Amino acid sequence: MVSVVMITYGHEQYIKQAIEGVLIQQCDFAVELIIANDCSPDNTDNVVDQFMENHPNSNWIKYTRHNSNKGMILNFIWALEQANGKYIALCEGDDYWTDALKLQKQVDFLEVNPKSSMCFTSVKKYYQNKNIYSKWNLELKQKEYSAKEIIYNLLVPTCSAVFRNEENCNYDKLFNNKNFIFPDMILWLFLLGKGSVFCLPFESAVYRRNESSVTADMPLDLQLRLLKQHEEIAISFNDKYKDVEKKYLSRQYMVISLKLFVKKDSRCIEYFRKSISKNIFDLPNNLFYILSKIFKKNYSL
């Protein structure tokens, strides 16, 4: 069996497409679709009910609407803990699958590659407000990807991932900061510790960007808070990923520093220093020199 985990909140306009993308799957194994509605203030219930009453694959659906809002991360943990399948696939309520053989192709790969813990595919990005499609990543190839590549380049589209349902995995412990908004990277690192991660050479889904997305036009102060939370979670990573994680954080420090500088916020100095202090950041020395000169001219560095 494959368990498809679909968390949703405020996705009334989109979840029909998300559910259809799962129920059209053609496969030679059982599927359960776990839909976890985090007490949405909309008519998501009615949309799901229509599928449960009328669709020929309605028996796949296991629907829960929480009585109170858990928050995204706790809802995600709850949904993962309901999964009974040998494999887990992810598709949030505002994304959707486009390939009816998606699950079959990915499960076939994992079945013949027992040392692989996860596989993912290319997807399209859809900018809802502009009605524009684009590629997630133009450089994706059929190959095994390292932790460094996955972390630095944000390679794995969540809606394309299929991974082994690891026995005795404590998801609550894994995502130990309940307010962390992006659990994906923590999950990818955990799975990298269990086996290899491969990209398969086909396009399987659409990742939707809209005004209600967590990642859409994120305020700078929220980015700063998330970066601090990421630092805290990074402490718990295995030694295997410590240096990779430090380097990723160093890069994020620099990105935040430049954004703060553009806004003429003196906190740019604090994050610039953090980036340098990691000592393993891979920007050329001359770029550090130029940035340092610019900062010194504007602030007392």
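Could you sort out which of Lys70/Lys274; Lys130/Lys263; Lys105/Lys141; Lys143/Lys173 sit more than 23 Å apart by Cα distance in this structure?
Working: Lys70/Lys274 34 Å; Lys130/Lys263 26 Å; Lys105/Lys141 16 Å; Lys143/Lys173 30 Å.
Flagged as over cut-off: Lys70/Lys274; Lys130/Lys263; Lys143/Lys173.
Were the residues from Glu20 through Ser266 laid out at 0.36 nm apart, the gain over their Cα-Cα distance would be 83.7 nm.
In terms of modelled amide H atoms, which long-range or inter-chain residues lie less than 5 Å from the amide H of Gly85? When sequence neighbours closer than 5 places are left aside, the close amide H contacts are Ser3.
Order of 49-58, 185-194 by packing, highest average Cβ count within 10 Å first? Working shown, then result.
Details: 49-58: 12.8, 185-194: 19.9.
Highest mean packing first, the order is 185-194, 49-58.
Residue-wise HN-Hα couplings along the stretch 38-54, as the Karplus relation 6.51 cos²θ - 1.76 cosθ + 1.60 with θ = phi - 60° gives them from phi, are 7, 6, 5, x, 8, 9, 4, 3, 5, 5, 5, 4, 4, 5, 5, 8, 10 Hz; Gly and Pro carry x.
When each of the peptides 71-83, 1-13 is scored by the mean number of other C-beta atoms lying within 10 Å of its residues, the order from highest to lowest reads 1-13, 71-83.
The candidates Tyr207, Tyr253, arranged from most to least accessible area with a 1.4 Å probe in the full protein assembly, appear as Tyr207, Tyr253. Working note: Karplus 6.51/-1.76/1.60 with θ = phi - 60° gives the stretch 111-121 the couplings 5, 9, 10, x, 8, 8, 8, 7, 9, 9, 9 Hz, where Gly and Pro are set to x.
Volume of the convex hull of the stretch 17-104 (Cα atoms only), normalised per residue: 98 Å³.
Taking K and R as +1 and D and E as -1, what net charge do the other residues with C-beta under 11 Å from the C-beta of Phe198 add up to? Could the numbers behind the result be given before it?
On the way: positive: Lys115, Lys141, Lys143; negative: Glu144.
Net of charged neighbours comes to +2.
The values are calculated or read from the model by the stated rules, or taken from the named source; none is laboratory data. Quick caveat, the model's predicted, so the values are computed rather than measured. As a convention, Cβ positions derive from the backbone with ideal geometry for all residues, glycine included, and neighbour counts pool all protein chains shown. In case anyone asks, the SASA skips ligands and DNA or RNA and just uses the protein heavy atoms, side chains included. Shrake-Rupley method; radii C 1.70, N 1.55, O 1.52, S 1.80 Å.
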